[in-house]
Amino acid sequence: MKTKRAADFIFAVFFTVMLLLTMFAEDLYRLTLPKVAVEEVTRRAFAAEMTGKDGAVYETWRTVPAIPTEALLGDYGDMVYAVNETENGLILVEYIVSTGEESEGYIEITGGILTGTLAVIGSDREIYPGQQVIITGWDESVALHTARERGEDISGYVQEMRKRLLTDIVCVVGVIPVTVVAVLLCNRFCKGRWRFLKVPALIVWCILVCLFLRATILLPGEWIPEKLIDWEGWKTNRESFQL
Amino acid sequence: MKKVVVKMMLSLCALLFLLPIMLTVVHSFGVQSVDEGNFRLTSLVPSGFSLVGYYDLLIEHFYVLRNFWNSVFYAGSITCLNIAVSVPAAYAFSQARFKGKELLFFFYIMLMMMPLQVTLLPNYIGLRDMKLLDTPLAIVLPSVFAPFSVFLLTQYMKGLEQSYVEAALLETKSVFRIMLQMIVPQLRTCILAVFVFVFAEYWNMVEQADIYLRRETLKPLSGLLAIGEGLTTSEVLAGSVIFMIPIVILYLYFHDSLEVGLESMKL
(Lines give C-alpha, C1' and ligand atoms only; values in the text may rest on other atoms or scores of the structure.)
Protein backbone atom coordinates (compact mmCIF):
# COMPACT_ATOMS: atom_id res chain seq x y z
CA MET A 1 0.00 0.00 0.00
CA LYS A 2 2.85 2.34 0.92
CA THR A 3 4.60 1.53 -2.36
CA LYS A 4 1.43 2.33 -4.31
CA ARG A 5 1.11 5.65 -2.46
CA ALA A 6 4.74 6.46 -3.20
CA ALA A 7 4.16 5.55 -6.86
CA ASP A 8 1.05 7.78 -6.96
CA PHE A 9 3.02 10.66 -5.49
CA ILE A 10 6.04 10.26 -7.80
CA PHE A 11 3.74 9.82 -10.81
CA ALA A 12 1.75 12.98 -10.03
CA VAL A 13 4.82 15.11 -9.26
CA PHE A 14 6.95 13.85 -12.15
CA PHE A 15 4.34 14.15 -14.88
CA THR A 16 3.09 17.52 -13.58
CA VAL A 17 6.64 18.87 -13.66
CA MET A 18 7.22 17.48 -17.16
CA LEU A 19 3.91 18.93 -18.33
CA LEU A 20 4.65 22.35 -16.88
CA LEU A 21 8.16 22.30 -18.32
CA THR A 22 6.77 21.35 -21.73
CA MET A 23 4.44 24.33 -21.54
CA PHE A 24 6.84 26.91 -20.13
CA ALA A 25 10.46 25.80 -20.76
CA GLU A 26 10.73 27.78 -24.00
CA ASP A 27 9.36 30.89 -22.32
CA LEU A 28 11.72 30.46 -19.37
CA TYR A 29 14.65 30.12 -21.74
CA ARG A 30 13.58 33.19 -23.70
CA LEU A 31 13.45 35.07 -20.40
CA THR A 32 17.21 34.59 -20.01
CA LEU A 33 17.97 35.94 -23.48
CA PRO A 34 18.68 39.65 -23.87
CA LYS A 35 15.89 41.59 -25.53
CA VAL A 36 17.01 43.93 -28.27
CA ALA A 37 15.20 46.61 -30.25
CA VAL A 38 16.30 46.71 -33.88
CA GLU A 39 15.92 48.90 -36.92
CA GLU A 40 16.66 47.93 -40.48
CA VAL A 41 19.48 49.69 -42.31
CA THR A 42 17.55 51.48 -45.07
CA ARG A 43 18.21 54.14 -47.63
CA ARG A 44 17.14 57.57 -46.42
CA ALA A 45 17.07 60.98 -48.02
CA PHE A 46 19.81 63.31 -46.84
CA ALA A 47 20.07 66.98 -47.82
CA ALA A 48 22.79 67.71 -50.38
CA GLU A 49 24.06 70.59 -52.40
CA MET A 50 24.57 70.56 -56.13
CA THR A 51 26.43 73.08 -58.19
CA GLY A 52 24.79 73.85 -61.51
CA LYS A 53 26.45 74.67 -64.83
CA ASP A 54 25.86 78.32 -64.13
CA GLY A 55 27.86 78.02 -60.91
CA ALA A 56 24.83 78.41 -58.64
CA VAL A 57 24.46 76.08 -55.66
CA TYR A 58 21.17 74.22 -55.50
CA GLU A 59 19.73 72.30 -52.56
CA THR A 60 18.80 68.74 -53.40
CA TRP A 61 18.44 65.26 -51.86
CA ARG A 62 20.46 62.08 -52.03
CA THR A 63 19.37 58.68 -50.77
CA VAL A 64 22.01 56.76 -48.86
CA PRO A 65 22.05 53.85 -46.38
CA ALA A 66 21.51 55.15 -42.87
CA ILE A 67 21.01 53.92 -39.33
CA PRO A 68 19.75 55.62 -36.15
CA THR A 69 22.56 57.25 -34.22
CA GLU A 70 21.65 55.04 -31.21
CA ALA A 71 22.97 52.05 -33.12
CA LEU A 72 26.55 53.34 -33.10
CA LEU A 73 28.57 51.91 -30.24
CA GLY A 74 32.15 51.66 -29.11
CA ASP A 75 34.76 54.21 -28.07
CA TYR A 76 35.11 55.52 -31.60
CA GLY A 77 31.42 55.31 -32.40
CA ASP A 78 32.07 53.08 -35.38
CA MET A 79 30.72 49.77 -34.14
CA VAL A 80 27.23 48.42 -34.88
CA TYR A 81 25.65 45.28 -33.48
CA ALA A 82 23.35 43.53 -35.91
CA VAL A 83 21.06 40.53 -35.58
CA ASN A 84 21.69 37.59 -37.90
CA GLU A 85 19.24 34.73 -38.28
CA THR A 86 21.05 31.38 -37.97
CA GLU A 87 20.18 27.74 -37.25
CA ASN A 88 20.76 28.46 -33.57
CA GLY A 89 18.38 31.40 -33.51
CA LEU A 90 19.04 35.11 -33.68
CA ILE A 91 22.73 35.82 -33.06
CA LEU A 92 24.47 39.16 -32.55
CA VAL A 93 27.21 40.10 -35.01
CA GLU A 94 29.56 43.04 -34.74
CA TYR A 95 30.23 45.35 -37.72
CA ILE A 96 32.77 48.16 -37.97
CA VAL A 97 31.24 50.85 -40.16
CA SER A 98 32.34 54.11 -41.69
CA THR A 99 29.92 56.93 -41.30
CA GLY A 100 29.07 60.16 -43.05
CA GLU A 101 26.69 62.99 -42.30
CA GLU A 102 24.11 63.02 -39.55
CA SER A 103 20.57 64.23 -39.99
CA GLU A 104 17.39 63.99 -37.89
CA GLY A 105 18.71 61.27 -35.63
CA TYR A 106 20.08 59.16 -38.49
CA ILE A 107 23.64 58.81 -39.65
CA GLU A 108 24.82 58.01 -43.14
CA ILE A 109 26.65 54.73 -43.61
CA THR A 110 29.37 54.88 -46.23
CA GLY A 111 30.62 51.32 -45.76
CA GLY A 112 30.82 48.26 -43.52
CA ILE A 113 27.19 47.18 -43.42
CA LEU A 114 24.57 46.38 -46.05
CA THR A 115 21.06 47.74 -46.33
CA GLY A 116 18.49 45.33 -44.98
CA THR A 117 20.65 44.38 -41.98
CA LEU A 118 18.90 44.61 -38.62
CA ALA A 119 20.94 47.01 -36.50
CA VAL A 120 20.51 46.93 -32.74
CA ILE A 121 19.36 50.27 -31.36
CA GLY A 122 18.74 49.26 -27.75
CA SER A 123 18.88 46.32 -25.37
CA ASP A 124 17.65 45.52 -21.90
CA ARG A 125 21.12 44.49 -20.66
CA GLU A 126 24.78 44.18 -21.65
CA ILE A 127 25.19 42.43 -24.98
CA TYR A 128 28.18 40.99 -26.80
CA PRO A 129 28.81 39.45 -30.25
CA GLY A 130 27.87 35.79 -30.66
CA GLN A 131 25.11 36.05 -28.07
CA GLN A 132 21.63 34.71 -28.80
CA VAL A 133 18.99 37.41 -28.48
CA ILE A 134 15.29 38.00 -29.03
CA ILE A 135 13.91 40.96 -30.90
CA THR A 136 11.42 43.06 -29.05
CA GLY A 137 9.80 46.43 -29.42
CA TRP A 138 11.02 49.49 -27.58
CA ASP A 139 9.71 48.41 -24.18
CA GLU A 140 10.37 49.73 -20.67
CA SER A 141 13.34 47.55 -19.82
CA VAL A 142 15.06 48.25 -23.17
CA ALA A 143 14.40 51.97 -22.82
CA LEU A 144 15.64 51.94 -19.23
CA HIS A 145 18.91 50.18 -19.96
CA THR A 146 19.59 52.16 -23.14
CA ALA A 147 18.94 55.45 -21.36
CA ARG A 148 21.29 54.40 -18.54
CA GLU A 149 23.96 53.48 -21.09
CA ARG A 150 23.65 56.95 -22.58
CA GLY A 151 23.89 58.56 -19.16
CA GLU A 152 20.40 60.08 -19.40
CA ASP A 153 18.22 60.90 -16.40
CA ILE A 154 16.24 57.74 -15.66
CA SER A 155 14.63 58.69 -12.36
CA GLY A 156 11.15 58.72 -13.94
CA TYR A 157 11.65 55.25 -15.39
CA VAL A 158 13.02 53.94 -12.10
CA GLN A 159 10.01 55.21 -10.16
CA GLU A 160 7.69 53.55 -12.67
CA MET A 161 9.63 50.28 -12.43
CA ARG A 162 9.52 50.39 -8.63
CA LYS A 163 5.74 50.72 -8.72
CA ARG A 164 5.43 47.84 -11.17
CA LEU A 165 7.75 45.61 -9.13
CA LEU A 166 5.81 46.36 -5.95
CA THR A 167 2.58 45.40 -7.70
CA ASP A 168 4.20 42.17 -8.91
CA ILE A 169 5.37 41.26 -5.40
CA VAL A 170 1.85 41.85 -4.05
CA CYS A 171 0.46 39.60 -6.84
CA VAL A 172 2.95 36.80 -6.14
CA VAL A 173 2.39 36.96 -2.37
CA GLY A 174 -1.37 37.09 -3.01
CA VAL A 175 -1.18 33.81 -4.92
CA ILE A 176 -0.10 31.92 -1.76
CA PRO A 177 -3.30 32.38 0.35
CA VAL A 178 -5.45 31.87 -2.75
CA THR A 179 -3.60 28.58 -3.39
CA VAL A 180 -4.15 27.49 0.22
CA VAL A 181 -7.89 28.22 -0.17
CA ALA A 182 -7.94 26.29 -3.48
CA VAL A 183 -6.29 23.24 -1.88
CA LEU A 184 -8.71 23.37 1.08
CA LEU A 185 -11.68 23.60 -1.29
CA CYS A 186 -10.29 20.68 -3.27
CA ASN A 187 -9.97 18.61 -0.10
CA ARG A 188 -13.49 19.63 0.98
CA PHE A 189 -15.32 18.87 -2.25
CA CYS A 190 -13.23 16.19 -3.96
CA LYS A 191 -14.36 13.41 -1.64
CA GLY A 192 -15.89 9.97 -2.12
CA ARG A 193 -16.83 9.35 -5.73
CA TRP A 194 -15.29 12.72 -6.75
CA ARG A 195 -11.92 11.83 -5.23
CA PHE A 196 -10.40 11.20 -8.65
CA LEU A 197 -10.87 14.90 -9.46
CA LYS A 198 -8.45 16.03 -6.75
CA VAL A 199 -5.17 15.55 -8.61
CA PRO A 200 -6.41 16.92 -12.00
CA ALA A 201 -7.93 19.94 -10.21
CA LEU A 202 -4.63 20.70 -8.48
CA ILE A 203 -2.72 20.28 -11.75
CA VAL A 204 -5.11 22.70 -13.50
CA TRP A 205 -4.72 25.11 -10.60
CA CYS A 206 -0.92 24.87 -10.87
CA ILE A 207 -1.08 25.64 -14.61
CA LEU A 208 -3.40 28.62 -14.00
CA VAL A 209 -1.00 30.02 -11.38
CA CYS A 210 1.92 29.66 -13.79
CA LEU A 211 0.00 31.40 -16.57
CA PHE A 212 -1.00 34.18 -14.18
CA LEU A 213 2.56 34.70 -12.93
CA ARG A 214 3.95 34.66 -16.44
CA ALA A 215 1.46 37.27 -17.58
CA THR A 216 1.97 39.45 -14.51
CA ILE A 217 5.61 39.47 -13.54
CA LEU A 218 7.83 42.22 -14.84
CA LEU A 219 11.51 41.99 -14.07
CA PRO A 220 14.23 44.37 -15.15
CA GLY A 221 16.20 42.53 -17.84
CA GLU A 222 19.49 43.35 -16.14
CA TRP A 223 18.50 41.28 -13.12
CA ILE A 224 18.10 38.08 -15.05
CA PRO A 225 21.27 35.94 -15.25
CA GLU A 226 22.14 33.63 -18.14
CA LYS A 227 20.83 30.66 -16.15
CA LEU A 228 17.75 31.15 -14.01
CA ILE A 229 19.15 28.81 -11.33
CA ASP A 230 22.30 30.94 -10.89
CA TRP A 231 21.51 32.45 -7.45
CA GLU A 232 24.81 34.34 -7.25
CA GLY A 233 24.11 35.81 -10.69
CA TRP A 234 20.72 37.12 -9.52
CA LYS A 235 22.33 38.72 -6.48
CA THR A 236 25.19 40.30 -8.40
CA ASN A 237 22.91 41.60 -11.16
CA ARG A 238 20.43 43.04 -8.69
CA GLU A 239 23.16 44.81 -6.76
CA SER A 240 24.67 46.28 -9.91
CA PHE A 241 21.25 47.45 -11.10
CA GLN A 242 20.65 49.50 -7.90
CA LEU A 243 17.00 50.09 -8.52
CA MET B 1 31.46 -16.29 9.89
CA LYS B 2 30.91 -18.03 6.59
CA LYS B 3 27.43 -16.52 6.35
CA VAL B 4 28.81 -13.04 6.92
CA VAL B 5 31.38 -13.48 4.16
CA VAL B 6 28.71 -14.77 1.77
CA LYS B 7 26.46 -11.85 2.65
CA MET B 8 29.28 -9.39 2.09
CA MET B 9 30.12 -10.96 -1.25
CA LEU B 10 26.49 -10.81 -2.35
CA SER B 11 26.15 -7.22 -1.18
CA LEU B 12 29.26 -6.35 -3.15
CA CYS B 13 27.79 -7.99 -6.25
CA ALA B 14 24.54 -6.06 -5.75
CA LEU B 15 26.50 -2.83 -5.39
CA LEU B 16 28.43 -3.59 -8.57
CA PHE B 17 25.15 -4.06 -10.42
CA LEU B 18 23.85 -0.78 -9.03
CA LEU B 19 27.09 1.13 -9.59
CA PRO B 20 26.32 2.46 -13.11
CA ILE B 21 22.91 3.72 -11.97
CA MET B 22 24.35 5.26 -8.83
CA LEU B 23 27.09 6.98 -10.83
CA THR B 24 24.53 8.30 -13.31
CA VAL B 25 22.30 9.70 -10.59
CA VAL B 26 25.12 11.15 -8.46
CA HIS B 27 27.04 12.71 -11.35
CA SER B 28 23.89 14.20 -12.89
CA PHE B 29 23.88 16.56 -9.87
CA GLY B 30 27.62 17.17 -10.04
CA VAL B 31 29.73 20.20 -10.87
CA GLN B 32 32.32 19.49 -13.55
CA SER B 33 32.35 15.95 -12.34
CA VAL B 34 32.72 14.54 -15.76
CA ASP B 35 35.54 14.60 -18.25
CA GLU B 36 33.51 16.21 -21.00
CA GLY B 37 36.03 15.47 -23.74
CA ASN B 38 36.41 11.77 -23.22
CA PHE B 39 32.95 11.06 -21.87
CA ARG B 40 34.39 9.33 -18.79
CA LEU B 41 33.35 9.50 -15.17
CA THR B 42 36.51 10.60 -13.45
CA SER B 43 35.54 10.02 -9.82
CA LEU B 44 32.91 8.23 -7.78
CA VAL B 45 31.70 11.41 -6.11
CA PRO B 46 31.32 14.75 -7.92
CA SER B 47 33.15 17.80 -6.61
CA GLY B 48 29.97 19.72 -5.77
CA PHE B 49 26.22 19.95 -6.11
CA SER B 50 24.67 21.60 -9.15
CA LEU B 51 21.44 21.47 -11.10
CA VAL B 52 23.05 22.88 -14.22
CA GLY B 53 22.79 19.58 -16.12
CA TYR B 54 19.01 19.46 -15.55
CA TYR B 55 18.64 23.17 -16.27
CA ASP B 56 20.57 22.94 -19.52
CA LEU B 57 18.65 19.86 -20.63
CA LEU B 58 15.13 20.92 -19.67
CA ILE B 59 15.29 24.68 -20.23
CA GLU B 60 18.02 25.41 -22.77
CA HIS B 61 17.42 22.23 -24.78
CA PHE B 62 13.67 22.32 -24.22
CA TYR B 63 13.09 20.37 -27.45
CA VAL B 64 14.15 17.27 -25.48
CA LEU B 65 10.78 17.43 -23.70
CA ARG B 66 9.05 16.77 -27.01
CA ASN B 67 11.18 13.62 -27.36
CA PHE B 68 10.18 12.60 -23.85
CA TRP B 69 6.48 12.78 -24.77
CA ASN B 70 7.30 10.89 -27.99
CA SER B 71 8.71 8.10 -25.79
CA VAL B 72 5.56 8.11 -23.66
CA PHE B 73 3.38 7.93 -26.78
CA TYR B 74 5.40 5.19 -28.51
CA ALA B 75 5.84 2.97 -25.44
CA GLY B 76 2.23 3.49 -24.30
CA SER B 77 0.56 2.90 -27.65
CA ILE B 78 2.79 -0.05 -28.58
CA THR B 79 2.16 -1.73 -25.22
CA CYS B 80 -1.63 -1.31 -25.36
CA LEU B 81 -1.92 -2.41 -29.00
CA ASN B 82 0.53 -5.26 -28.49
CA ILE B 83 -1.54 -6.66 -25.61
CA ALA B 84 -4.75 -6.18 -27.61
CA VAL B 85 -3.25 -8.28 -30.41
CA SER B 86 -1.43 -10.81 -28.22
CA VAL B 87 -4.37 -11.93 -26.08
CA PRO B 88 -6.47 -13.29 -29.01
CA ALA B 89 -3.33 -14.75 -30.61
CA ALA B 90 -2.35 -16.50 -27.39
CA TYR B 91 -5.93 -17.73 -26.97
CA ALA B 92 -5.80 -19.23 -30.46
CA PHE B 93 -2.46 -20.94 -29.77
CA SER B 94 -3.55 -22.34 -26.43
CA GLN B 95 -7.26 -23.16 -26.89
CA ALA B 96 -8.09 -23.43 -30.58
CA ARG B 97 -7.56 -26.63 -32.55
CA PHE B 98 -6.33 -26.21 -36.11
CA LYS B 99 -3.84 -27.85 -38.43
CA GLY B 100 -0.25 -26.62 -38.23
CA LYS B 101 -0.78 -24.90 -34.88
CA GLU B 102 2.38 -26.37 -33.37
CA LEU B 103 4.42 -25.53 -36.46
CA LEU B 104 3.12 -21.97 -36.47
CA PHE B 105 3.92 -21.59 -32.77
CA PHE B 106 7.39 -23.00 -33.44
CA PHE B 107 7.93 -20.28 -36.06
CA TYR B 108 6.64 -17.72 -33.59
CA ILE B 109 9.26 -18.79 -31.06
CA MET B 110 11.90 -18.80 -33.79
CA LEU B 111 10.94 -15.24 -34.66
CA MET B 112 11.17 -14.29 -31.01
CA MET B 113 14.69 -15.68 -30.81
CA MET B 114 15.84 -13.67 -33.81
CA PRO B 115 18.00 -10.68 -32.94
CA LEU B 116 16.45 -7.32 -33.75
CA GLN B 117 19.09 -6.58 -36.38
CA VAL B 118 17.84 -9.50 -38.50
CA THR B 119 14.30 -8.15 -38.77
CA LEU B 120 15.29 -4.49 -39.11
CA LEU B 121 16.03 -4.65 -42.85
CA PRO B 122 12.85 -6.52 -43.93
CA ASN B 123 10.83 -4.18 -41.74
CA TYR B 124 12.60 -1.20 -43.26
CA ILE B 125 11.85 -2.37 -46.81
CA GLY B 126 8.22 -3.05 -45.92
CA LEU B 127 7.78 0.34 -44.29
CA ARG B 128 9.52 2.07 -47.19
CA ASP B 129 7.16 0.40 -49.70
CA MET B 130 4.18 1.37 -47.59
CA LYS B 131 5.57 4.93 -47.43
CA LEU B 132 5.52 4.84 -43.65
CA LEU B 133 9.18 5.63 -43.03
CA ASP B 134 9.78 8.73 -40.93
CA THR B 135 6.29 8.58 -39.45
CA PRO B 136 5.23 7.46 -35.94
CA LEU B 137 3.61 4.39 -37.53
CA ALA B 138 7.07 3.17 -38.59
CA ILE B 139 7.85 2.65 -34.92
CA VAL B 140 4.43 1.53 -33.72
CA LEU B 141 3.31 -0.85 -36.46
CA PRO B 142 6.13 -3.47 -36.48
CA SER B 143 6.30 -3.46 -32.68
CA VAL B 144 2.58 -4.14 -32.21
CA PHE B 145 3.03 -7.64 -33.62
CA ALA B 146 6.15 -8.58 -31.65
CA PRO B 147 5.86 -12.30 -30.67
CA PHE B 148 7.31 -12.08 -27.15
CA SER B 149 4.04 -11.27 -25.38
CA VAL B 150 2.16 -13.90 -27.42
CA PHE B 151 4.62 -16.50 -26.23
CA LEU B 152 4.30 -15.47 -22.58
CA LEU B 153 0.51 -15.33 -22.65
CA THR B 154 0.28 -18.67 -24.49
CA GLN B 155 2.43 -20.33 -21.86
CA TYR B 156 0.18 -18.97 -19.14
CA MET B 157 -3.05 -19.88 -20.94
CA LYS B 158 -1.87 -23.44 -21.46
CA GLY B 159 -1.84 -23.77 -17.67
CA LEU B 160 -5.53 -22.77 -17.34
CA GLU B 161 -8.11 -25.41 -16.54
CA GLN B 162 -9.53 -26.73 -19.84
CA SER B 163 -12.79 -27.70 -18.13
CA TYR B 164 -13.66 -24.01 -17.55
CA VAL B 165 -13.49 -23.30 -21.26
CA GLU B 166 -15.51 -26.42 -22.06
CA ALA B 167 -18.15 -25.38 -19.52
CA ALA B 168 -18.25 -21.91 -21.01
CA LEU B 169 -18.68 -23.39 -24.49
CA LEU B 170 -21.92 -24.97 -23.28
CA GLU B 171 -23.21 -21.49 -22.42
CA THR B 172 -22.13 -19.62 -25.52
CA LYS B 173 -20.59 -20.24 -28.91
CA SER B 174 -18.95 -16.81 -29.02
CA VAL B 175 -15.20 -17.29 -28.72
CA PHE B 176 -14.67 -13.56 -28.08
CA ARG B 177 -17.18 -13.60 -25.25
CA ILE B 178 -15.40 -16.56 -23.62
CA MET B 179 -12.07 -14.89 -24.09
CA LEU B 180 -13.13 -11.50 -22.72
CA GLN B 181 -15.40 -12.68 -19.90
CA MET B 182 -13.62 -15.82 -18.77
CA ILE B 183 -10.00 -15.94 -19.89
CA VAL B 184 -8.94 -12.29 -19.61
CA PRO B 185 -10.03 -11.88 -15.94
CA GLN B 186 -7.88 -14.90 -15.08
CA LEU B 187 -4.99 -13.42 -17.03
CA ARG B 188 -4.92 -10.13 -15.08
CA THR B 189 -1.56 -10.62 -13.33
CA CYS B 190 -0.01 -12.14 -16.44
CA ILE B 191 -1.19 -9.23 -18.62
CA LEU B 192 0.20 -6.72 -16.12
CA ALA B 193 3.55 -8.54 -16.15
CA VAL B 194 3.54 -8.51 -19.96
CA PHE B 195 2.59 -4.81 -19.85
CA VAL B 196 5.68 -4.03 -17.77
CA PHE B 197 7.96 -6.11 -20.00
CA VAL B 198 6.70 -4.66 -23.27
CA PHE B 199 6.61 -1.08 -21.96
CA ALA B 200 10.18 -1.36 -20.64
CA GLU B 201 11.38 -2.91 -23.92
CA TYR B 202 9.91 -0.17 -26.11
CA TRP B 203 10.71 2.61 -23.67
CA ASN B 204 14.36 1.67 -24.19
CA MET B 205 14.29 1.26 -27.98
CA VAL B 206 17.18 2.84 -29.85
CA GLU B 207 17.80 1.05 -33.16
CA GLN B 208 14.26 1.30 -34.53
CA ALA B 209 14.16 5.05 -33.93
CA ASP B 210 17.59 5.47 -35.45
CA ILE B 211 16.75 3.57 -38.63
CA TYR B 212 13.06 4.23 -39.28
CA LEU B 213 13.01 7.90 -38.29
CA ARG B 214 14.95 10.78 -39.79
CA ARG B 215 13.29 13.76 -38.16
CA GLU B 216 14.62 14.58 -34.69
CA THR B 217 11.16 15.80 -33.71
CA LEU B 218 9.75 12.27 -34.04
CA LYS B 219 12.49 10.42 -32.19
CA PRO B 220 11.97 9.06 -28.68
CA LEU B 221 14.16 10.26 -25.81
CA SER B 222 16.10 6.98 -25.80
CA GLY B 223 17.23 7.58 -29.38
CA LEU B 224 18.29 11.12 -28.61
CA LEU B 225 20.23 10.18 -25.46
CA ALA B 226 21.95 7.26 -27.18
CA ILE B 227 23.39 9.60 -29.82
CA GLY B 228 23.83 12.53 -27.44
CA GLU B 229 24.32 14.92 -30.35
CA GLY B 230 24.39 18.52 -29.22
CA LEU B 231 24.24 17.52 -25.56
CA THR B 232 27.02 17.67 -22.98
CA THR B 233 27.80 14.71 -20.74
CA SER B 234 26.07 16.27 -17.72
CA GLU B 235 22.97 16.85 -19.84
CA VAL B 236 22.99 13.22 -21.03
CA LEU B 237 23.34 12.04 -17.41
CA ALA B 238 20.45 14.29 -16.32
CA GLY B 239 18.42 12.97 -19.25
CA SER B 240 19.21 9.39 -18.23
CA VAL B 241 17.89 10.02 -14.72
CA ILE B 242 14.69 11.55 -16.11
CA PHE B 243 14.46 8.63 -18.50
CA MET B 244 14.65 6.14 -15.63
CA ILE B 245 11.82 7.64 -13.56
CA PRO B 246 8.80 6.34 -15.56
CA ILE B 247 10.20 2.81 -15.44
CA VAL B 248 10.70 3.11 -11.68
CA ILE B 249 7.09 4.35 -11.33
CA LEU B 250 5.89 1.43 -13.45
CA TYR B 251 7.81 -1.01 -11.29
CA LEU B 252 6.44 0.54 -8.08
CA TYR B 253 2.90 0.14 -9.42
CA PHE B 254 3.20 -3.36 -10.79
CA HIS B 255 6.00 -5.12 -8.90
CA ASP B 256 3.51 -7.41 -7.15
CA SER B 257 1.86 -8.41 -10.42
CA LEU B 258 5.28 -8.81 -12.02
CA GLU B 259 6.45 -11.28 -9.38
CA VAL B 260 3.17 -13.25 -9.36
CA GLY B 261 3.00 -13.18 -13.14
CA LEU B 262 6.53 -14.45 -13.62
CA GLU B 263 5.96 -17.16 -11.03
CA SER B 264 2.74 -18.31 -12.66
CA MET B 265 4.36 -18.31 -16.09
CA LYS B 266 7.11 -20.51 -14.60
CA LEU B 267 9.80 -18.15 -15.89
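When segment B:218-240 is filtered for residues that are within 12 Å of chain A (Cβ to nearest Cβ) and surrounded by 20 or more Cβ atoms within 10 Å (Cβ to Cβ), only B:Leu221 remains. Quick check, is A:Ala6 buried (at least 18 other Cβ atoms within 10 Å of the Cβ) and within 9 Å of another protein chain (Cβ to nearest Cβ)? So A:Ala6 does not fit the description; no.
When you check A:Thr86 against the structure, is it surrounded by 17 or more Cβ atoms within 10 Å (Cβ to Cβ), out of contact with any Gly (no Cβ under 8 Å at 6 or more places or on another chain) and more than 27 Å from A:Val64 (Cβ to Cβ), yes or no? For A:Thr86, the condition - surrounded by 17 or more Cβ atoms within 10 Å (Cβ to Cβ), out of contact with any Gly (no Cβ under 8 Å at 6 or more places or on another chain) and more than 27 Å from A:Val64 (Cβ to Cβ) - is not met. The lone criterion from (1) in contact (Cβ under 8 Å) with a residue 60 or more places away in the chain; (2) more than 14 Å from A:Ile207 (Cα to Cα); (3) within 14 Å of another protein chain (Cβ to nearest Cβ) left unmet by A:Thr16 is number (2). Take A:Thr60 and tell me if it is over 30 Å from A:Trp234 (Cα atoms), modelled with pLDDT of 90 or more and among the β-branched types (Val, Ile, Thr). For A:Thr60, the condition - over 30 Å from A:Trp234 (Cα atoms), modelled with pLDDT of 90 or more and among the β-branched types (Val, Ile, Thr) - is not met.
For segment B:128-152, a residue qualifies if it is among the hydrophobic types (A, V, I, L, M, F, W, C), in a helix (DSSP H, G or I) and farther than 15 Å from B:Ile78 by Cβ, and the qualifying residues are B:Phe151, B:Leu152. Somewhere in segment A:132-155, is a residue exposed (fewer than 11 other Cβ atoms within 10 Å of the Cβ) and over 24 Å from A:Ala71 (Cβ atoms)? The answer is yes, given that some residue of segment A:132-155 is exposed (fewer than 11 other Cβ atoms within 10 Å of the Cβ) and over 24 Å from A:Ala71 (Cβ atoms). Scanning segment B:241-259 for residues that are closer than 27 Å to B:Leu137 by Cα and more than 10 Å from chain A (Cβ to nearest Cβ) returns B:Phe243, B:Met244, B:Ile247. Pairing residues of segment B:158-181 that are closer than 21 Å to B:Lys101 by Cα with residues that are outside any helix (DSSP H, G or I), at Cβ distances under 9 Å and at least 6 apart in sequence or on separate chains, gives B:Gly159/B:Met265; B:Gly159/B:Lys266; B:Leu160/B:Leu187; B:Val175/B:Ala96; B:Ile178/B:Thr172. Among the residues of segment A:214-237, those that are in contact with a helix residue (DSSP H, G or I) (Cβ under 8 Å, 6 or more places away or on another chain), more than 15 Å from A:Arg30 (Cβ to Cβ) and in a helix (DSSP H, G or I) comprise A:Thr216, A:Glu222, A:Trp223, A:Trp234, A:Asn237. Only residues that are crowded, with 16+ Cβ neighbours inside 10 Å and either within 14 Å of chain A (Cβ to nearest Cβ) or more than 20 Å from the chain's Cα centre (by Cα) (or both) were counted in segment B:76-88, giving 1.
Evaluate the following for A:Val17: is it out of contact with any Ser or Thr (no Cβ under 6 Å at 6 or more places or on another chain), at pLDDT 85 or above and in a strand (DSSP E or B)? Here the answer is no, as A:Val17 does not meet what is asked.
Per-residue answers, yes or no, for (1) outside the structural domain of A:Leu92 (by TED's automatic domain parsing); (2) in contact with a Leu (Cβ under 6 Å, 6 or more places away or on another chain):
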position	(1), (2)
A:Gly112	no, no
A:Ile134	no, yes
A:Ile169	yes, no
A:Gly174	yes, no
A:Thr179	yes, no
A:Val199	yes, no
A:Leu211	yes, no
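Within segment B:173-203, the set of residues being closer than 22 Å to B:Pro147 by Cβ and assigned to a loop (DSSP other than H, G, I, E, B) comprises B:Leu187 only.
Taking only segment B:131-146 into account, find how many residues are closer than 30 Å to B:Gly261 by Cα, of a type outside the set (A, V, I, L, M) and surrounded by fewer than 20 Cβ atoms within 10 Å (Cβ to Cβ). Number of matching residues: 1.
Taking the conditions (1) within 19 Å of A:Cys206 (Cβ to Cβ); (2) surrounded by 15 or more Cβ atoms within 10 Å (Cβ to Cβ); (3) of a type in the set (Asp, Glu) in turn, A:Glu39 satisfies each one other than (1). Taken over segment A:123-148, residues that are without any contact (Cβ under 8 Å) to a residue 60 or more places away in the chain and either in contact with a Cys (Cβ under 7 Å, 6 or more places away or on another chain) or of a type outside the set (D, E, K, R) (or both) amount to 5. When A:Asp78 is tested against (1) exposed (fewer than 14 other Cβ atoms within 10 Å of the Cβ); (2) not assigned by TED's automatic domain parsing to the domain that holds A:Leu228, only condition (1) is not met.
The values are calculated or read from the model by the stated rules, or taken from the named source; none is laboratory data. Since we're looking at a predicted model, the values are computed, not measured. Cβ sites come from the backbone with ideal geometry, for glycine too, and all protein chains shown count toward neighbours.
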